[in-house]
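Chemist: Following this message is one structure expressed as structure tokens.
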Amino acid sequence: MFPNNYYGTNNGGDVAMVNQNGGAGDGSFDRTKLIVNYIPQFTTEEDLMGIFMQVGDLESIRIMRNPRSGYSYGYGFVKYIKEEDAAKAIENFNGLQFRNKNLKVSYSRPPSQATKDSNLYISNLPKEFTEDNLVDMFCKYGEIIQKNLLKDKNTGLPRGVAFVRFARGDEAQAAIAELDGLKLDNCPFPISVRVADDHTKQRSQMIEQQMHMCNRQGKMYYHH
């Protein structure tokens, strides 16, 4: 049922299946390739394979992870040999309850301008804030594809930081327009809502500036 050299290793160190063939398509997108959202943390490719192989032969499975920490981003890709099997997977597994999540299964379409800047970084949330609170706050602005409320590794308590990914960039912009700077109860600072890529760039710039300052201080200390 499975091709030779089925498993490989991606850059993140996780087990992945090796793509062997180009998928069939209709000229607009590949109808053999699916995106799976709301994958529970600590799920493996083998776990997903046990689900998706039930409706047809698979070509590849990959869960997307942070390349340094191995932390799952909560989504991945499943590729079938045949288009009709991918369609069966959507019909059978979209909304399937798996552990503490309900999987969202749909066709993986190429990125477009509509999806640009759709991932938001939210900070200064109250410590008692839950994922349900997160959904309640953001769901009215559009379709939430992913959500992730970050928690402290030692205590398991929320860190007051979250990510929310919308289906479209304009939905994310609507959320920013209304929620950025909003003052919540039991929270000393207004929440910050911005595009995640902007936050990443800003953080990289801060780290670079800190390293530059450390280097300067080191040189000054050496001259003395």
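Chemist: In region 200-220, is there at least one residue being modelled with pLDDT of 55 or more and under 16 Å from SER123 (Cβ atoms)?
Modeler: no
Chemist: Which residues, counting only those in region 2-32, are out of contact with any Phe, Trp or Tyr (no Cβ under 6 Å at 6 or more places or on another chain), within 13 Å of VAL78 (Cβ to Cβ) and modelled with pLDDT of 50 or more?
Modeler: ASP30, ARG31
Chemist: Mind listing whichever residues of region 171-198 are modelled with pLDDT under 90 and over 23 Å from LYS127 (Cβ atoms)?
Modeler: ASP197, ASP198
Chemist: With respect to ASP132, is the statement that it is without any contact (Cβ under 8 Å) to a residue 60 or more places away in the chain, more than 30 Å from GLN54 (Cβ to Cβ) and either in contact with a strand residue (DSSP E or B) (Cβ under 6 Å, 6 or more places away or on another chain) or not aliphatic (A, V, I, L, M) (or both) true?
Modeler: Yes.
Chemist: Next question. Go through (1) touching a Ser or Thr at 6+ places or on another chain (Cβ under 9 Å); (2) surrounded by 14 or more Cβ atoms within 10 Å (Cβ to Cβ) for ARG99 and report which single condition fails.
Modeler: (2)
Chemist: Turning to a different aspect of this structure: Give me a count of the residues in region 63-77 that are more than 17 Å from GLN146 (Cα to Cα) and in contact with a helix residue (DSSP H, G or I) (Cβ under 7 Å, 6 or more places away or on another chain).
Modeler: To start, the set of residues in region 63-77 that are more than 17 Å from GLN146 (Cα to Cα) comprises 67-70.
If we keep only those that are in contact with a helix residue (DSSP H, G or I) (Cβ under 7 Å, 6 or more places away or on another chain) too, we end up with none.
Count: 0.
Chemist: Scan region 83-141 residue by residue and report those that are at pLDDT 95 or above and among the basic types (Lys, Arg).
Modeler: LYS88
The values are calculated or read from the model by the stated rules, or taken from the named source; none is laboratory data. Since we're looking at a predicted model, the values are computed, not measured. Don't worry about glycine lacking a Cβ; one is built from the backbone with ideal geometry, like all the others, and counts go over all protein chains shown.
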